[in-house]
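Notes for the one structure printed next.
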Amino acid sequence: MGKSKVLIVGGTGYLGKRLVKASLEEGHETYVVHRPEINVDIERVQMLLSFKEKGATLVSASFNDHQSLVDAVKLVDVVICAISGVHLRSHHILLQLKLVDAIKQAGNVKRFLPSEFGTDPARMKNTIGAERVVFNDKMEVRKAIEEANIPFTYISANCCAGYFLGGLGQPGHYLPSTDFVHLLGDGNKKAIYVDEDDIARYTVKTVDDPRTLNKTVYLRPPKNILSQREVIGVWEKLIGKELHKSSISKQEFLANAKDYAWQVGMGHYYNVFFEGCLTNFEIGDEGVEATELYPEINYVSAVDYMKRYL
């Protein structure tokens, strides 16, 4: 059998553009949804044209036009959605319910990978902060997928390195300081950092793999399971200088939340760096680990990722 045809929804986004690239490089016939409403955004239009030049097929479809979604998914075997779930930018997770309806009606899709790519929402049932809305929305999409008997793979990619490594674990910082850093609590809770291109590569690897069907795939690169203190130590070694440090307590951290969108974002940092939510469980029978499945992928280590900031 040949490789599956893949449709990517949200292909001009932060992860979406990387998924398009990875799909093409892996040899999949790749289709990218072109939503008419983005025609006023010249950067996204130019990006779509660049995909086309590299061999992707652009498909016009809109969440506001059910039949266009049905027609789009009928072209392919696998649908990967990467629309935004980041409140500080935009939050469109529940739009995927329309995509689920289209996939159900089309009846030909062999697998659907919804927009997740972060913390596994099924393991976050006890969170009580504003970030709860993200997990609730993702679980609502999962419920719709499973009730419709749509084959699936869920990707739990943990921390996108650009968001979490670059700022040394500090919210709102995407470049590492050479002078000072705030520790979140004692800075010893382990987190998991994954290069965004690697997230895309592992994701695309799963689409034809029977071992990942109806499973959650966790990305846990062994070299990238580090505490905030260890991340800071990596940076200090690279720059040959020790940073000044101060610690922020749980109470101080939560009190710094500004508006609602900021509270949602801060909630994710809280769960990762104060509660250790990414590493406080073992992967059970319902999940598999990506670096074990695909040892041939030479993933970017946290050390090598941070060298780009020198």
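The values are calculated or read from the model by the stated rules, or taken from the named source; none is laboratory data. This is a predicted model, so every value here is computed, not measured. Methodologically, a virtual Cβ is constructed for each residue, glycine included, from the backbone with ideal geometry; neighbour enumeration extends over all protein chains shown. All accessible areas refer to the heavy atoms of the entire protein, side chains included, with ligands and DNA or RNA removed. Shrake-Rupley method; radii C 1.70, N 1.55, O 1.52, S 1.80 Å.
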Residue check: is VAL272 surrounded by fewer than 17 Cβ atoms within 10 Å (Cβ to Cβ), touching a residue at least 60 places away in the same chain (Cβ under 8 Å) and closer than 19 Å to VAL234 by Cβ?
-> no
Among the numbered criteria (1) buried (at least 16 other Cβ atoms within 10 Å of the Cβ); (2) part of a helix (DSSP H, G or I), which single criterion is violated by VAL300?
-> (2)
Report yes if some residue within the stretch 76-86 is open to solvent by less than 70 Å² (accessible area, probe 1.4 Å), among the aliphatic types (A, V, I, L, M) and either free of Cβ contacts under 8 Å to residues at least 12 places away in the same chain or assigned to a helix (DSSP H, G or I) (or both); otherwise report no.
-> no
What pairs come up if the first residue lies in the stretch 48-66 and is basic (Lys, Arg), the second is open to solvent by less than 80 Å² (accessible area, probe 1.4 Å), and their beta carbons are under 7 Å apart, counting only those six or more places apart or on different chains?
-> LYS52/LEU58; LYS54/LEU24
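Only one of these is in contact with a Ser or Thr (Cβ under 7 Å, 6 or more places away or on another chain), among the β-branched types (Val, Ile, Thr) and more than 20 Å from SER301 (Cβ to Cβ): VAL181, VAL207. Name it.
Numbers: VAL181 fails: in contact with a Ser or Thr (Cβ under 7 Å, 6 or more places away or on another chain).
Among VAL181, VAL207, only VAL207 is in contact with a Ser or Thr (Cβ under 7 Å, 6 or more places away or on another chain), among the β-branched types (Val, Ile, Thr) and more than 20 Å from SER301 (Cβ to Cβ).
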All but one of (1) within 19 Å of LEU213 (Cα to Cα); (2) of a type in the set (S, T, N, Q); (3) open to solvent by 10 Å² or more (accessible area, probe 1.4 Å) hold for GLN105, so report the exception by its number.
-> (1)
Read through the list (1) over 24 Å from ASP120 (Cα atoms); (2) open to solvent by 10 Å² or more (accessible area, probe 1.4 Å); (3) in a helix (DSSP H, G or I); (4) in contact (Cβ under 8 Å) with a residue 40 or more places away in the chain, then give the number of the only condition that GLN251 fails.
-> (4)
Among the candidates LEU49, LEU24, single out the residue that is hydrophobic (A, V, I, L, M, F, W, C) and closer than 26 Å to ILE297 by Cβ.
-> LEU24
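From the list LYS237, LYS241, which one is assigned to a helix (DSSP H, G or I), at pLDDT 95 or above and surrounded by fewer than 18 Cβ atoms within 10 Å (Cβ to Cβ)?
Numbers: LYS241 fails: assigned to a helix (DSSP H, G or I).
Selected residue: LYS237, the only one of LYS237, LYS241 that is assigned to a helix (DSSP H, G or I), at pLDDT 95 or above and surrounded by fewer than 18 Cβ atoms within 10 Å (Cβ to Cβ).
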For the stretch 217-236, does any single residue satisfy the condition of being in contact with a Phe, Trp or Tyr (Cβ under 7 Å, 6 or more places away or on another chain), of a type in the set (S, T, N, Q) and closer than 27 Å to LEU113 by Cβ?
-> yes
Evaluate the stretch 275-291: report whether one residue or more is at pLDDT 95 or above, of a type outside the set (A, V, I, L, M), farther than 28 Å from ILE145 by Cβ and surrounded by 14 or more Cβ atoms within 10 Å (Cβ to Cβ).
-> no
Unmet criterion (only one of (1) more than 30 Å from LEU254 (Cβ to Cβ); (2) open to solvent by 10 Å² or more (accessible area, probe 1.4 Å); (3) hydrophobic (A, V, I, L, M, F, W, C)) for CYS160 | (1)
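Can you find even one residue in the stretch 180-198 that is open to solvent by 60 Å² or more (accessible area, probe 1.4 Å), free of Cβ contacts under 8 Å to residues at least 12 places away in the same chain, under 30 Å from LYS17 (Cβ atoms) and of a type outside the set (Lys, Arg)? Quick ask: steps written out before the conclusion?
So the first thing to find is which residues in the stretch 180-198 are open to solvent by 60 Å² or more (accessible area, probe 1.4 Å), and the list is 180, 182, 186, 188-190, 197.
Filter once more, so that each one left must be free of Cβ contacts under 8 Å to residues at least 12 places away in the same chain: none.
No, the conditions are met nowhere in the stretch 180-198.
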